[in-house]
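One structure is given here, and the rest of the page talks about it.
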Amino acid sequence: MRHVALRLMPGEDLRGGIEAAFEAAGARSGFVAAAVGSLTNAALRYASLDGASEVAGPLEILSLSGTLSPDGPHLHLSVAGPNGVMRGGHLLRGSPVRTTAELVLALSDTTRFARETDPVTGWKELVFPDRP
């Protein structure tokens with residue numbers, strides 16, 4: 001297991017920055033180990049909905065978790081606005097950093113994560129192709 005630490009600057013897309021860092025690292029799998037920062041607004045997909053919902057900012061990142069694979073990430077974000085109200089869902093592209101986003105990604109070169117469409121859920125779900 002190794003890690004990569006990164007800081008995204010104002011205007012950079014949170015999901016796009018995570019995807020780019022994971023791709024540049026060339027890992028077979030990973031997960032978000034730590035995340036703090038702020039967003040101008042957030043693009044979230046809520047459970048059972050197909051499209052993005054925009055959460056107006058400014059927003060503080062309260063939590064960000066998820067898995068990373070060469071087939072794409074599965075990321076969940078929780079944010080709070082200036083009134084303290086929390087919102088959360090699947091992180092989509094379109095969530096620009098406001099002041100900073102400090103992230104630590106844990107990476108593996110041995111365990112491989114992949115995403116395949118699950119016949120039960122209809123979504124691309126995490127699979128472990130190297131397992132017997």
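The values are calculated or read from the model by the stated rules, or taken from the named source; none is laboratory data. Model, not experiment: these values are computed from the prediction. All Cβ positions, glycine included, derive from the backbone under ideal geometry; neighbour counts span all protein chains shown.
Here are a few things to note about the model shown:
- In the set (1) closer than 27 Å to E125 by Cβ; (2) exposed (fewer than 15 other Cβ atoms within 10 Å of the Cβ); (3) of a type in the set (D, E, K, R), the condition left unmet by R7 is number (1).
- Some residue of the range 93-101 being farther than 18 Å from A5 by Cβ, polar (S, T, N, Q) and out of contact with any Gly (no Cβ under 7 Å at 6 or more places or on another chain): yes
- Leading residue by the ranking (surrounded by the fewest Cβ atoms within 10 Å (Cβ to Cβ)) among those in the range 41-74 that are closer than 25 Å to G122 by Cβ and among the polar types (S, T, N, Q): S48
- Filter pass, L64 being farther than 19 Å from V4 by Cα and at pLDDT 95 or above: no
- Listed by position, the strands (runs of 3 or more DSSP E) enclosed by the range 3-117 that each have at least 3 residues that are under 13 Å from the mean Cα position of the chain (by Cα) are 29-45, 53-68, 74-80, 86-91, 97-108.
- Within the range 118-132, being of a type in the set (D, E, K, R), in contact (Cβ under 8 Å) with a residue 12 or more places away in the chain and part of a loop (DSSP other than H, G, I, E, B) holds for one residue alone: D130.
- Residues in the range 81-117 that are under 13 Å from V55 (Cβ atoms) and free of Cβ contacts under 8 Å to residues at least 24 places away in the same chain were compared, and the one that is surrounded by the fewest Cβ atoms within 10 Å (Cβ to Cβ) is N83.
- The single residue among G51, G57, G11, G66 that is without any contact (Cβ under 8 Å) to a residue 24 or more places away in the chain and either within 22 Å of P129 (Cα to Cα) or not charged (D, E, K, R) (or both) turns out to be G51.
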